């Protein structure tokens, strides 16, 4: 029997090297993409994935190595060149512009014109065709992009790529802000595109997605290719994790919960936020982890933000150790011992250009005040203790926090509340954008905090994460609690049925 040779790569990079001041981001990367495949790019935060796709997008120029496009040596000196070749990149933080219409976003930067006049009607017609091709004719060309969901904005970003006649589409963590139903729709679109012969470079920290969507896998570690072109169906998950981390990482969620819980710490009764959620009530004891499960937009994050005082409750009460927390006041919530690690840590939780130590001590300045002046030595010492305890890397308190990986930024957020000594820790998507190695460390840390008596309330879009970490679970559907009980009494299918149907049990 004669075995057919694999098709020639559409895109191939060889021994790609890229330096930044004080670091080598790419140190010999080999990677290729064939027509009509989904090639998954894996690696921990800091492995070089972002740098590689920015080289392919023309945003960075390599210091050495070769790039071949359709069999010919090529250079990509600018993003415009990448698009002209047929390489379009969808970054994790979508670059659509609220306030512009769908059609205007799709043709932004390459507007259709004739004789100096914009051809709006033709742009709308082409936009309808692109949206139908992507299976989303319900999105209107004249609709303000700001009115769309995250999933809708992704479709607009894909349509923009197709408007450039893209042959390769790079998707960086496309499912990060999607609920399970939207992820299924995204995968259907990807299947349709690859069936047409387009190629997709797919980046995700969720290994179960790789199993569902991928054809081949390339693994990066420390800027190097450690495995290239592995067949998804023939590669074990444990082997992938070991390639990414250099060690075996257990797949559990940080051990078992506390054997004995303490007194009730957090009491929530009849909490409501106008047009978002209503009549939310629960109790959490010292050492317990309560998980909130539900679709994106169900009200989960808003519940945490209301507990934290960032949103003024329309009704209900919040008590910590029996004492009421003033609604709509972050300062009073923090004073009562409530801390929040928000979903959007970069925009809502961190001062990106400030050093790591200052981000860690941000909520605890009063402790380091001496005669009206900040005792910076004591401040740094407290931060350095947490940097060591949580294994932040690099362990440099003066480094700007924007230069840390997602996992280490999240550790710094947790360190902030450890320094503060909060009794109620609210975690919104604690492992979003975090690689498998750092994810396991964060699971262990959350469990450790619970064993030490901290009350934890967490939100996660990953149902297995909620059920694996939490002792109790609240299922939220359309702003209403439809289930409350021990996680041992419900499985993933049960949660999915509830959040899809919204039926109380």
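What residue, of 404, 467, is within 22 Å of residue 350 (Cβ to Cβ) and either buried (at least 16 other Cβ atoms within 10 Å of the Cβ) or not assigned by TED's automatic domain parsing to the domain that holds residue 241 (or both)?
Values: 467 fails: within 22 Å of residue 350 (Cβ to Cβ).
That would be 404, the only listed residue that is within 22 Å of residue 350 (Cβ to Cβ) and either buried (at least 16 other Cβ atoms within 10 Å of the Cβ) or not assigned by TED's automatic domain parsing to the domain that holds residue 241 (or both).
Quick one: which of 366, 378 is over 12 Å from residue 412 (Cα atoms), exposed (fewer than 14 other Cβ atoms within 10 Å of the Cβ) and not assigned by TED's automatic domain parsing to the domain that holds residue 434?
After applying the criteria, what remains is 366.
Restricting attention to segment 180-202, which residues are crowded, with 20+ Cβ neighbours inside 10 Å and not in a helix (DSSP H, G or I)?
198, 199, 200, 201, 202
Does segment 233-254 hold any residues that are at pLDDT 90 or above and surrounded by 18 or more Cβ atoms within 10 Å (Cβ to Cβ), and which are they? Give the steps one after another, and end with the answer.
Residues of segment 233-254 at pLDDT 90 or above: 233-235.
Matches in segment 233-254: 235 only.
Looking at segment 263-311, which of its residues are in contact with a helix residue (DSSP H, G or I) (Cβ under 9 Å, 6 or more places away or on another chain), within 16 Å of residue 321 (Cα to Cα) and assigned to a strand (DSSP E or B)?
Across segment 263-311, the qualifying residues are 266, 268.
Any residue that is under 24 Å from residue 300 (Cβ atoms), in contact (Cβ under 8 Å) with a residue 60 or more places away in the chain and under 24 Å from the mean Cα position of the chain (by Cα) - is there at least one of those in segment 390-405? Give the derivation first.
Kept after step one, since they are under 24 Å from residue 300 (Cβ atoms), are these residues of segment 390-405: none.
No, there is no match, as no residue in segment 390-405 is under 24 Å from residue 300 (Cβ atoms), in contact (Cβ under 8 Å) with a residue 60 or more places away in the chain and under 24 Å from the mean Cα position of the chain (by Cα).
Just to be sure before I move on: is residue 68 part of a strand (DSSP E or B), over 29 Å from the mean Cα position of the chain (by Cα) and at pLDDT 95 or above in the structure I sent?
Considered against the rule, which asks whether it is part of a strand (DSSP E or B), over 29 Å from the mean Cα position of the chain (by Cα) and at pLDDT 95 or above, residue 68 comes out as yes.
Suppose we keep only residues that are in a helix (DSSP H, G or I) and touching a strand residue (DSSP E or B) at 6+ places or on another chain (Cβ under 6 Å) within segment 119-177. Which one would you say is farthest from residue 200 (Cα to Cα)?
Among those that are in a helix (DSSP H, G or I) and touching a strand residue (DSSP E or B) at 6+ places or on another chain (Cβ under 6 Å), it is 157.
Look through 434, 457 and report the one residue that is in the same structural domain as residue 332 (by TED's automatic domain parsing), surrounded by 23 or more Cβ atoms within 10 Å (Cβ to Cβ) and under 23 Å from residue 51 (Cβ atoms).
Just a single option satisfies the conditions, and that option is 434.
Looking at segment 84-113 only, could you name the residues that are in contact with a strand residue (DSSP E or B) (Cβ under 9 Å, 6 or more places away or on another chain) and part of a helix (DSSP H, G or I)?
Answer for segment 84-113, where residues must be in contact with a strand residue (DSSP E or B) (Cβ under 9 Å, 6 or more places away or on another chain) and part of a helix (DSSP H, G or I): 85, 102.
Residues in segment 142-160: is at least one within 29 Å of residue 429 (Cα to Cα), outside the structural domain of residue 210 (by TED's automatic domain parsing) and surrounded by fewer than 14 Cβ atoms within 10 Å (Cβ to Cβ)?
Looking through segment 142-160, at least one residue is within 29 Å of residue 429 (Cα to Cα), outside the structural domain of residue 210 (by TED's automatic domain parsing) and surrounded by fewer than 14 Cβ atoms within 10 Å (Cβ to Cβ).
Conditions: (1) in contact (Cβ under 8 Å) with a residue 24 or more places away in the chain; (2) farther than 30 Å from residue 15 by Cα; (3) within 27 Å of the chain's Cα centre (by Cα). Residue 138 meets all but one. Number of the miss?
Of everything listed in (1) in contact (Cβ under 8 Å) with a residue 24 or more places away in the chain; (2) farther than 30 Å from residue 15 by Cα; (3) within 27 Å of the chain's Cα centre (by Cα), residue 138 misses just condition (1).
Which numbered condition trips up residue 415, out of (1) surrounded by fewer than 20 Cβ atoms within 10 Å (Cβ to Cβ); (2) part of a helix (DSSP H, G or I); (3) at pLDDT 85 or above?
Evaluating residue 415 over (1) surrounded by fewer than 20 Cβ atoms within 10 Å (Cβ to Cβ); (2) part of a helix (DSSP H, G or I); (3) at pLDDT 85 or above leaves (1) as the failure.
The values are calculated or read from the model by the stated rules, or taken from the named source; none is laboratory data. Please read all numbers here as calculations on a predicted model, not as lab measurements. Cβ coordinates were reconstructed from backbone atoms using ideal geometry, including for glycine residues, and neighbour counts include every protein chain displayed.
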